[in-house]
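Undergrad: Can you keep this structure in mind? I'll have questions shortly.
The values are calculated or read from the model by the stated rules, or taken from the named source; none is laboratory data. Nothing here was measured: the structure is a model prediction, and the numbers come from that model. Positions of Cβ are backbone-derived with ideal geometry, glycine not excepted, and every protein chain shown enters the neighbour counts. Just so you know, the surface numbers come from the protein's heavy atoms only, side chains and all, with ligands and any DNA or RNA stripped out. Shrake-Rupley method; radii C 1.70, N 1.55, O 1.52, S 1.80 Å.
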Amino acid sequence: MTAEVALLNKQAVALAADSKATFGSGMNIKTYDSVDKLFQLSRSHPVGVMIYGNAEFMRVPWEVIIKEFRERHGDEAHATAEDWGHRFFEFAGQFHRFSMRDSELAVFTKTASFLRAIEASALVNRSLEPLIADVEARRVHPALEDLEENEFRKNFPELLAKYDDLLHSRIGDRMTKDIREQLPRLLHRLAVADVETVARSGIVVAGFGGDETFPALINLESDGVIAGRLAVSTRSDSQITVDHPADVLPFAVRNVMISMVHGVDPSFLDYSLTVFRDLIRANGDRLINEFAKNEEDRARLNLENAAMSDDFIRVFLDYLRDYIQDMHLGPFASTLQGMPPDEMAWLAESLVHLTSVKMRMSLGPEGVGGPVDTAVITKREGFKWVKRKAPIEALTTEPGSGPGNGMGD
């Protein structure tokens with residue numbers, strides 16, 4: 001897991017990221033507390049980058065790709081932060097001559113988390129059609145819309161055979177001819193679906209393009225290169241303007257930071273709205289059952305009750321949004337828009353620390369922790385480290401030279 005945050009106002013961008021990373025699964029887990037997730041993307045231009053999710057792109061560490069990009073293309077000028085982000089991913093997609101084997105591994109990593117669901121559908125439904133229908137209802141990744149099933153089958157015969165063997169080993173004689181025929185269709189749908197899995201990497205590029213007076217940010221996510229297509233899409237972005245003077249954007253583990261800024265935990269808000277809607281519908285159902293004259297009246301009133309409860313929820317949510325804006329988001333944004341860069345760095349670090357504390361006090365693995373790296377980016381001073389783990393090169397410097405002069409990797 002990862003906790004990262006970007007704070008933006010008209011002066012600067014402040015970036016903060018924790019340093020904990022977990023590798024493996026089940027009983028074979030290894031955790032490190034000194035992983036770099038925040039980097040300077042260019043030594044010549046005011047741009048930084050953060051990574052979250054999968055630490056590798058097609059089996060190549062993101063850190064290697066970032067540093068190679070900085071050396072080869074860091075001196076290039078781009079008009080916007082968005083242009084920097086897309087140029088970086090273009091470089092990543094061509095970083096190595098990725099083979100079909102690499103692409104097959106990317107697809108397997110993306111689809112493997114659905115193996116239990118595939119097994120359950122085969123055993124319970126004796127068919128994969130319900131699962132196929134569910135996946136087809138999901139959004140297709142925009143970069144994979146033209147990857148047809150025939151091309152998928154042609155490119156990944158070994159992957160399809162592997163899944164056939166895996167499913168057969170799990171369900172035995174229940175592996176019918178119909179299920180065998182449905183499996184490639186399901187895997188194709190899963191491969192092109194826009195779903196979050198352990199295979200997905202997130203990249204946050206923030207700073208100033210050459211044409212930007214105020215800072216901007218773009219958040220891109222990728223599943224890798226699949227059948228020759230770079231599966232990358234924009235998840236969020238932010239552009240500071242006179243009318244939009246400040247922004248706070250958490251990434252990866254977000255609930256604690258959202259709670260801090262919005263004044264309410266998003267999962268609690270979702271639960272409250274669900275309970276409120278169910279109570280309204282239950283009360284309406286009670287009255288309908290008591291006063292409906294016949295089945296026709298009951299059916300009509302049930303439809304009206306469902307529509308009315310949805311309307312109540314929308315109105316209630318509007319009131320909540322106004323309250324959150326007036327009591328929490330508004331004051332937070334007003335404070336942030338006038339905050340100097342060093343205070344922004346302190347706030348960004350504090351938000352990441354709060355996430356770490358929350359996870360430490362919760363049951364389960366501590367997915368966030370270690371030192372928090374922070375940096376600020378301004379238009380003229382560029383990328384500056386505020387707090388940083390000692391880089392490797394600092395460990396070999398002479399006594400008195402001091403680690404971390406703010407211009408390292």
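Undergrad: Write out, first by first residue and then by second, each pair whose Cβ atoms fall under 7 Å of each other, whose residues are 6+ apart or on separate chains, and whose first residue, in region 88-104, is among the aliphatic types (A, V, I, L, M) while the second is open to solvent by less than 10 Å² (accessible area, probe 1.4 Å).
TA: From residues that are among the aliphatic types (A, V, I, L, M), the pairs are 92/57; 92/65.
Undergrad: Now, a different point. Go through region 265-355 and tell me which helices (runs of 4 or more DSSP H), entirely inside it, have 2 or more residues that are modelled with pLDDT under 90, more than 30 Å from residue 370 (Cα to Cα) and open to solvent by 80 Å² or more (accessible area, probe 1.4 Å).
TA: Counting at least 2 such residues, we get 266-291, 295-324.
Undergrad: Right, here's the next one. Need at least 2 residues that are surrounded by fewer than 19 Cβ atoms within 10 Å (Cβ to Cβ) and of a type in the set (S, T, N, Q) per element, so show me which strands (runs of 3 or more DSSP E) inside region 27-117 make the cut, counting only ones lying wholly within it.
TA: Ranges flagged: 28-32.
Undergrad: Out of (1) in a helix (DSSP H, G or I); (2) modelled with pLDDT of 95 or more, the odd one out for residue 385 is which?
TA: (1)
Undergrad: Of the residues that sit in region 356-383 and are in contact (Cβ under 8 Å) with a residue 12 or more places away in the chain and β-branched (Val, Ile, Thr), which one is surrounded by the fewest Cβ atoms within 10 Å (Cβ to Cβ)?
TA: Once the filter is applied, the top-ranked residue is 378.
Undergrad: Testing residue 43 on (1) farther than 22 Å from residue 232 by Cβ; (2) basic (Lys, Arg); (3) free of Cβ contacts under 8 Å to residues at least 24 places away in the same chain, one condition comes back false. Which one is that?
TA: (3)
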